[in-house]
1. Of the residues that make up the range 61-81, is at least one surrounded by 13 or more Cβ atoms within 10 Å (Cβ to Cβ), of a type in the set (A, V, I, L, M, F, W, C) and in contact with a Leu (Cβ under 6 Å, 6 or more places away or on another chain)?
2. Which condition number in (1) polar (S, T, N, Q); (2) at pLDDT 95 or above; (3) assigned to a loop (DSSP other than H, G, I, E, B) is the one that T41 fails?
3. Filter the range 48-86 for residues that are of a type outside the set (V, I, T), over 16 Å from E28 (Cα atoms) and in a helix (DSSP H, G or I); which is farthest from the chain's Cα centre (by Cα)?
4. Could you check the range 87-117 and list, in sequence order, the residues that are farther than 21 Å from Y147 by Cα and assigned to a loop (DSSP other than H, G, I, E, B)?
5. Is at least one residue of the range 120-134 in a strand (DSSP E or B) and in contact (Cβ under 8 Å) with a residue 60 or more places away in the chain?
Amino acid sequence: MLYVTVTLVQSRSTTANINLVARVVFGEARSETNAGQLAMTYTVVNRVNTPGFPKTVPDVLNQKYNNGRHQYNTLDSRKHDQEWQAEKARNTKTYRRAVNAATDALCGTKPDPTSGATFFCTKFNCTKRFENKNFVVTKEIRIGNHYFAIMGPR
């Protein structure tokens with residue numbers, strides 16, 4: 001069993017995946033603490049590991065709502081892309097923090113502070129909007145300025 005777990009972590013933690021997730025961390029949580037950035041990153045990892053979500057990091061990040069917008073909203077922002085590229089070119093502290101959060105979660109070197117959350121948002125009780133006919137929020141955790149939702153069957 002340990003071998004299988006290690007294999008899964010290694011397949012998630014490619015340089016390409018780390019860069020993709022770091023870009024999302026930058027756009028969604030750059031002003032958060034390290035714990036807040038790690039928590040946001042784990043929503044990607046948890047989706048990869050949860051039935052009903054895509055099974056790869058790129059596929060999770062490319063998921064869109066019915067209106068065509070990404071579930072990770074930052075990916076729809078050209079401004080965030082430009083800012084990310086500028087930070088990356090200068091190798092700023094903001095860039096490095098995002099990469100570190102992505103690396104820690106994708107490699108499994110730091111534990112998941114959300115205990116399995118697959119969704120997050122910024123207002124109290126906002127996680128209720130993620131409920132549907134099959135799943136309800138069973139636990140909501142606040143880390144920094146974000147609320148993280150752990151879902152369970154209805």
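1. Within the range 61-81, one or more residues are surrounded by 13 or more Cβ atoms within 10 Å (Cβ to Cβ), of a type in the set (A, V, I, L, M, F, W, C) and in contact with a Leu (Cβ under 6 Å, 6 or more places away or on another chain).
2. Of (1) polar (S, T, N, Q); (2) at pLDDT 95 or above; (3) assigned to a loop (DSSP other than H, G, I, E, B), only one is false for T41: (3).
3. Ranking the candidates gives A86 first.
4. N91, T92, G108, T109 - these are the residues of the range 87-117 that are farther than 21 Å from Y147 by Cα and assigned to a loop (DSSP other than H, G, I, E, B).
5. yes
This table checks each residue for (1) of a type in the set (S, T, N, Q); (2) more than 15 Å from A35 (Cβ to Cβ); (3) at pLDDT 95 or above; (4) exposed (fewer than 11 other Cβ atoms within 10 Å of the Cβ).
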residue: Q85; (1), (2), (3), (4): yes, yes, yes, no
residue: T92; (1), (2), (3), (4): yes, yes, yes, no
residue: Y95; (1), (2), (3), (4): no, yes, yes, no
residue: N100; (1), (2), (3), (4): yes, no, yes, no
residue: A105; (1), (2), (3), (4): no, no, yes, no
residue: T118; (1), (2), (3), (4): yes, yes, no, no
residue: C126; (1), (2), (3), (4): no, yes, no, no
residue: N134; (1), (2), (3), (4): yes, yes, no, yes
residue: R154; (1), (2), (3), (4): no, yes, no, yes
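Listed here are the residues, each with its yes/no results for (1) of a type in the set (A, V, I, L, M); (2) touching a helix residue (DSSP H, G or I) at 6+ places or on another chain (Cβ under 6 Å); (3) on the phi < 0 side of the Ramachandran plot.
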residue	(1), (2), (3)
N91	no, no, no
R97	no, no, yes
D112	no, yes, yes
T118	no, yes, yes
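The values are calculated or read from the model by the stated rules, or taken from the named source; none is laboratory data. Predicted model, so just to flag it, every value in this text is computed and none were measured. In this analysis, Cβ positions are derived from the backbone assuming ideal geometry, glycine residues included, and neighbour counts consider all displayed protein chains.
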